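What follows is one structure encoded as structure tokens, with my remarks underneath.
The values are calculated or read from the model by the stated rules, or taken from the named source; none is laboratory data. Keep in mind it's a predicted model, so treat the numbers as computed, not measured. With ideal geometry, Cβ positions are generated from the backbone for all residues, glycine too; neighbour counts draw on all protein chains shown.
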Amino acid sequence: MNHAPAVAAPLRWTVPHGPAELAVELLSPCLLRTPGFPVALLAGTASPATLDLAARAAARARVARAARADFLTGRWPALRAAARPADAARHPAWRALLRAHRRIEGYEALGEPQLAALESVGGTRTRIWAESWNARVRSDAAFRAGAAAQLRSATVAAWRHTARTVDDERMRHAVFVSNPSFFRTALKRPLAPRLDAWEVPDRDTDAVPPRGLRRTLTTAHRYLRRFTTRCETISFFGPVLFAALDGESDRPVVRGEPGAERVLVEASTWLTDALGRAVTERLDPALRVARRSPLFRERDGGGGSSDHGHGVGGVLERVVDGKAFRVAAGPLALWRAADGTLTLGALAELLGLDIAAADTAARALGPALIVAGRPLPATELRPLARLAPHDPTGTAARLAAARTAYATEPWPGRTAAYERVEERAAELTGVVRRGAGEHYADREVVFEDRTSPWSERVTFGAPVLDGMRRALSAVLPVCHLGALLAREDAREVVRGATGGTGQPLARLAMTELPDERPRTELLRTALRDLVAGRTACDGVVELTAEEIGAATAGLWRLVPEGDRYEASLPSPDLMAMGRDPGSATWLLSELHDDASSVYGGLENRAHSDPAGLWQEFTARIAGRLPPEGLATIVSRRRSAHVTPELPGLSVELSGLSGKPRTETAPVAEVSVAPAGDAIEVRGERRLLYPGDLRSPLHRAVSLPSVVPVTVETGARTPRIVIDSVVYQRARWRVPLPDAPGPEPYDRWLAVQRWRSGHSLPRHVFLRHASEPKPLYVDFADPLSVAEVAGLGGGECVVSEMLPAPDELWWESDGGAQCAEFRLGCVVGARR
């Protein structure tokens with residue numbers, strides 16, 4: 001159906017929302033996230049004939065089970081009674097009968113002694129049955145041999161296609177960017193010639209490539225799947241693409257002329273930390289910057305003499321645990337003056353001390369004072385440029401120069417340029433890589449992004465905007481109600497923990513609070529009952545927004561009237577299912593609680609006007625989110641990802657704010673209001689932005705955190721559609737059994753039986769405890785199935801792949817690619 005509007009599609013609209021209405025503003029630009037490679041590159045690894053093979057194997061297994069059951073439950077009792085009567089001696093054929101029973105239980109052919117025994121006890125008809133059993137066993141053995149050979153052939157074909165595809169220079173480049181260590185150890189030489197060397201004409205039909213080559217092919221195949229099905233834009237080669245939204249255009253997609261690709265390379269977080277420590281150690285103490293730790297405050301009545309060298313001093317309190325430290329007057333004066341804008345030398349001059357005395361006072365303060373060469377804000381996007389000029393040894397400058405040379409060097413010369421970056425990093429740290437457990441963008445010395453040639457050269461017009469509007473109108477109301485209910489749940493938890501008294505935010509943040517959500521569970525139950533009350537058609541349950549509104553109307557009484565109307569900044573990920581995004585079916589792929597990263601996070605560097613992009617975003621949201629009532633938490637940066645500092649007060653927890661000091665406050669000065677519904681800073685009530693603290697405390701004192709309200713109806717949850725918009729993909733929560741034995745065919749067959757037993761579609765994403773990221777699985781691809789077989793037993797969550805490979809619309813780099821819109825919104829209920 002074509003949903004294209006006849007008039008311009010607005011970027012602002014309202015939708016009914018319980019006793020109020022939900023106002024939605026869609027922000028432009030948005031991000032279009034793609035993998036960077038066409039999904040068709042995977043086609044050669046799949047063998048659809050293996051799915052038919054699995055179906056035929058399953059049919060044979062059903063016949064075999066029926067024949068075995070016929071003997072064990074239908075024939076054996078009479079045979080046993082005849083051969084071993086209670087009042088007579090055992091039949092001479094008794095032992096042979098027992099062996100026949102065991103062989104039939106194990107699905108084995110019967111020998112002549114067993115056949116004779118069956119005939120002697122059961123007669124000619126039993127002999128005929130036994131011979132038909134042998135014929136079936138032989139037929140199944142022949143089928144198994146042929147099926148195993150067919151599977152081997154499909155596996156070799158998948159290896160061959162993987163090798164040829166990964167040997168493409170662009171793919172090799174992508175693997176190198178994602179994992180230089182794997183590239184150098186396994187892919188420095190192309191794969192296809194190595195596989196060809198194994199495929200000699202006289203090799204045994206049962207032979208497999210050497211173990212090392214198989215492992216390399218398996219990992220290369222995993223990268224191939226990732227590069228073609230996952231919309232990653234950080235460190236996995238997916239290009240950054242900013243796109244405009246224009247409701248005045250009647251064309252779905254308008255492409256300009258492609259531009260030049262830009263590569264952006266920055267030091268990883270662990271290398272930045274090491275560089276910061278090195279600068280501090282090498283810099284003259286007088287040039288180091290000192291600031292009070294945000295975790296300490298001065299206790300009232302603890303003394304406080306202004307005599308720099310004498311007097312009674314005072315008491316500093318560490319707010320996370322209330323521990324007190326008595327401090328002499330001199331160090332206390334230094335602590336009071338260290339606001340983060342002055343060097344230790346300037347502080348010494350201000351306090352009338354020599355630098356040695358100031359350094360001694362600083363050391364006496366211990367963790368209450370932070371001294372660094374050049375402190376970096378937690379949100380700094382260009383740390384190398386900030387730190388390099390302050391390293392007196394020049395090591396940082398050499399590292400920055402090597403980084404710049406690497407960013408501009410074309411492939412394949414980049415490998416040598418990268419080694420020079422590693423050499424400079426080793427001068428600082430002695431290591432060039434962090435191991436497993438680190439964020440994937442922080443394992444190497446640098447991470448990089450690249451711009452799409454189409455970034456800022458694509459505009460989506462009214463037909464696409466109309467689809468986005470319909471999609472957001474269908475899914476945001478229920479998610480917003482969920483956010484309000486979850487916040488009320490969290491506030492109740494906080495009040496229970498504090499007894500209705502105010503407590504320091506830092507101390508409460510260290511308290512493990514129960515994640516109890518009775519109001520949210522009422523919403524889940526209402527949605528679950530709606531879904532369970534419908535008969536799924538082809539695995540799809542269709543609901544309407546009106547039905548959901550009626551089923552959840554009573555829940556609004558659980559949200560106080562005055563707490564319903566703050567705005568939020570959700571960031572929906574939407575996908576269009578179909579070859580034309582102007583008439584496609586829309587899907588909610590994910591819903592994040594913070595849109596600011598779209599405009600001020602890592603991708604900001606890839607925009608032609610980074611400062612203007614951020615300024616325009618903050619100006620757009622100012623009317624709905626007055627900064628004087630808001631605050632953001634600044635934590636130490638632990639990975640490549642950056643959550644920017646939004647307008648309002650910045651509360652320093654473990655990180656340094658990049659704002660003027662007048663717009664910041666240490667967390668030691670922040671408390672949670674007695675009602676558990678806000679923070680209090682210097683007598684002012686404020687709410688936090690979402691995304692600051694992942695805990696009930698965060699939800700209690702923040703703007704509504706708008707995220708999906710997931711629905712599960714048991715082991716299988718059907719696809720849930722609201723007003724023709726896919727709200728939730730079909731999903732399965734099922735145990736994955738351990739694969740039997742070492743034989744590849746048996747392991748493959750076990751996975752195929754598991755798939756058939758749960759009616760899983762051919763293309764899925766699978767989450768397993770042993771894997772941090774969802775795995776794309778095509779059950780027609782023997783290498784994908786082999787990886788599933790190797791995961792081991794345990795519960796897994798499977799979701800259907802939507803859009804399917806034949807429902808993709810974004811064409812680039814030689815074929816259709818998966819594409820996901822990451823949007824920014826301002827959303828809030830209003831009377």
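Filtered by the rule that a residue be surrounded by 14 or more Cβ atoms within 10 Å (Cβ to Cβ) and touching an Asp or Glu at 6+ places or on another chain (Cβ under 8 Å), region 502-523 gives GLY502, ARG507, GLU516, ARG517, ARG519, THR520.
In region 648-675, of all residues being in a strand (DSSP E or B) and polar (S, T, N, Q), the one that is farthest from LEU613 (Cα to Cα) corresponds to SER671.
In region 211-237, of all residues being under 16 Å from HIS763 (Cβ atoms) and not in a helix (DSSP H, G or I), the one that is modelled with the highest pLDDT corresponds to ARG230. Residues that are in a strand (DSSP E or B) and of a type in the set (A, V, I, L, M, F, W, C) within region 786-831 comprise CYS796, VAL797, VAL798, TRP810, ALA816, PHE821, LEU823, CYS825, VAL826, VAL827, ALA829, listed in sequence order.
The set of residues in region 506-535 that are under 30 Å from SER635 (Cβ atoms) and touching a strand residue (DSSP E or B) at 6+ places or on another chain (Cβ under 7 Å) contains only LEU508. The set of residues in region 742-758 being part of a loop (DSSP other than H, G, I, E, B) and under 13 Å from ALA786 (Cα atoms) consists of PRO742, GLU743.
Does ALA267 meet the test of being of a type in the set (A, V, I, L, M) and at pLDDT 95 or above? No, not satisfied. In summary, ALA368 fulfils each of the numbered conditions (1) closer than 28 Å to ARG638 by Cβ; (2) aliphatic (A, V, I, L, M); (3) out of contact with any Ser or Thr (no Cβ under 6 Å at 6 or more places or on another chain) with the single exception of condition (3). Screening region 291-402 for strands (runs of 3 or more DSSP E) wholly inside it with 2 or more residues that are in contact with a Gly (Cβ under 6 Å, 6 or more places away or on another chain) and free of Cβ contacts under 8 Å to residues at least 24 places away in the same chain returns the ranges 314-318.
Would you check if there is a residue in region 472-484 being surrounded by fewer than 20 Cβ atoms within 10 Å (Cβ to Cβ) and of a type in the set (Val, Ile, Thr)? Taking every residue of region 472-484 in turn, none turns out to be surrounded by fewer than 20 Cβ atoms within 10 Å (Cβ to Cβ) and of a type in the set (Val, Ile, Thr).
For region 191-209, the set of residues classified as farther than 18 Å from ARG172 by Cβ, modelled with pLDDT of 70 or more and either of a type in the set (A, V, I, L, M, F, W, C) or in contact with a helix residue (DSSP H, G or I) (Cβ under 7 Å, 6 or more places away or on another chain) (or both) consists of ALA197, TRP198, ALA207, VAL208, PRO209, listed by residue number. On inspection, SER705 qualifies as over 28 Å from ALA804 (Cβ atoms), among the hydroxyl-bearing types (Ser, Thr, Tyr) and either surrounded by fewer than 15 Cβ atoms within 10 Å (Cβ to Cβ) or at pLDDT 95 or above (or both).
Within region 494-508, residues that are within 11 Å of VAL667 (Cα to Cα) reach partners that are assigned to a loop (DSSP other than H, G, I, E, B) and charged (D, E, K, R) with beta carbons closer than 9 Å, at six or more positions or on different chains, in the pairs ARG507/ASP321.
Within region 572-594, the residues that satisfy the criterion of being within 17 Å of the chain's Cα centre (by Cα) and more than 15 Å from ALA474 (Cα to Cα) are HIS592, ASP593, ASP594.
Scanning region 1-40 for residues that are modelled with pLDDT under 90 and under 30 Å from GLU561 (Cα atoms) yields a total of 1.
Exactly one residue out of VAL711, VAL726 is crowded, with 20+ Cβ neighbours inside 10 Å, in contact (Cβ under 8 Å) with a residue 60 or more places away in the chain, assigned to a loop (DSSP other than H, G, I, E, B) and among the β-branched types (Val, Ile, Thr): that is VAL711.
Would you pick out the residues in region 499-544 that are within 14 Å of ALA730 (Cα to Cα) and small (Gly, Ala, Ser)? Answer for region 499-544, where residues must be within 14 Å of ALA730 (Cα to Cα) and small (Gly, Ala, Ser): ALA532, ALA536, GLY539.
Of all residues in region 90-107, which are closer than 20 Å to ARG144 by Cβ and buried (at least 16 other Cβ atoms within 10 Å of the Cβ)?
Looking only at region 90-107, we keep the residues that are closer than 20 Å to ARG144 by Cβ, and these are 103-107.
The answer is ARG103, ILE104, TYR107.
Taking each residue of region 665-680 that is assigned by the TED database to the domain that holds THR632 and looking for partners that are among the aromatic types (Phe, Trp, Tyr) with beta-carbon atoms closer than 6 Å, six or more apart or interchain, yields ALA668/PHE296.
Hey, among SER705, SER657, which residue is within 30 Å of LEU543 (Cα to Cα), among the hydroxyl-bearing types (Ser, Thr, Tyr) and outside the structural domain of ALA290 (by the TED database)? Give the steps one after another, and end with the answer.
On the way: SER657 fails: within 30 Å of LEU543 (Cα to Cα).
Only one candidate passes the filter, namely SER705.
Would it be correct to say that GLU422 is under 24 Å from ASP449 (Cβ atoms), buried (at least 17 other Cβ atoms within 10 Å of the Cβ) and acidic (Asp, Glu)? Spell out how you get there, then give the answer.
Values: under 24 Å from ASP449 (Cβ atoms): yes; buried (at least 17 other Cβ atoms within 10 Å of the Cβ): yes; acidic (Asp, Glu): yes.
So GLU422 fits the description; yes.
Taking the criterion of being in contact with a His (Cβ under 7 Å, 6 or more places away or on another chain) and either exposed (fewer than 15 other Cβ atoms within 10 Å of the Cβ) or modelled with pLDDT under 95 (or both), the only residue of region 114-164 that qualifies is VAL121. Can you find a residue that is surrounded by fewer than 17 Cβ atoms within 10 Å (Cβ to Cβ) and either farther than 25 Å from VAL634 by Cβ or assigned by the TED database to the domain that holds MET510 (or both) anywhere in region 327-344? Taking every residue of region 327-344 in turn, none turns out to be surrounded by fewer than 17 Cβ atoms within 10 Å (Cβ to Cβ) and either farther than 25 Å from VAL634 by Cβ or assigned by the TED database to the domain that holds MET510 (or both). Exactly one residue out of GLY554, GLY549 is touching a residue at least 12 places away in the same chain (Cβ under 8 Å) and part of a helix (DSSP H, G or I), and it is GLY549.
Can you find a residue in region 527-534 that is more than 28 Å from the chain's Cα centre (by Cα) and modelled with pLDDT of 95 or more?
First, pick out the residues of region 527-534 that are more than 28 Å from the chain's Cα centre (by Cα): 529-530, 532-534.
Filter again for modelled with pLDDT of 95 or more, leaving 529-530.
Yes, the conditions are met somewhere in region 527-534.
If you go through region 774-831 one residue at a time, how many are of a type outside the set (A, V, I, L, M, F, W, C) and more than 26 Å from THR162 (Cβ to Cβ)? Residues flagged as of a type outside the set (A, V, I, L, M, F, W, C) and more than 26 Å from THR162 (Cβ to Cβ) within region 774-831 amount to 8.
For region 743-780, which residues satisfy the criterion of being farther than 13 Å from ARG731 by Cα and among the small types (Gly, Ala, Ser)? Listed by number, the residues that qualify are ALA750, SER756, GLY757, ALA769, SER770, ALA780. For region 745-781, filtered to residues that are in contact (Cβ under 8 Å) with a residue 24 or more places away in the chain and in contact with a Pro (Cβ under 8 Å, 6 or more places away or on another chain), the residue that is surrounded by the most Cβ atoms within 10 Å (Cβ to Cβ) is TRP748. Failed condition for GLU645, given (1) closer than 21 Å to PRO610 by Cα; (2) in a strand (DSSP E or B), with all others met? Of everything listed in (1) closer than 21 Å to PRO610 by Cα; (2) in a strand (DSSP E or B), GLU645 misses just condition (2).
Listed by first and then second residue, the pairs with beta-carbon distance under 9 Å, at least 6 apart or on different chains, first residue in region 792-818 and in contact (Cβ under 8 Å) with a residue 12 or more places away in the chain and among the aromatic types (Phe, Trp, Tyr), second in a loop (DSSP other than H, G, I, E, B) and surrounded by fewer than 19 Cβ atoms within 10 Å (Cβ to Cβ), are TRP809/GLY578; TRP809/ARG579; TRP809/ASP580.
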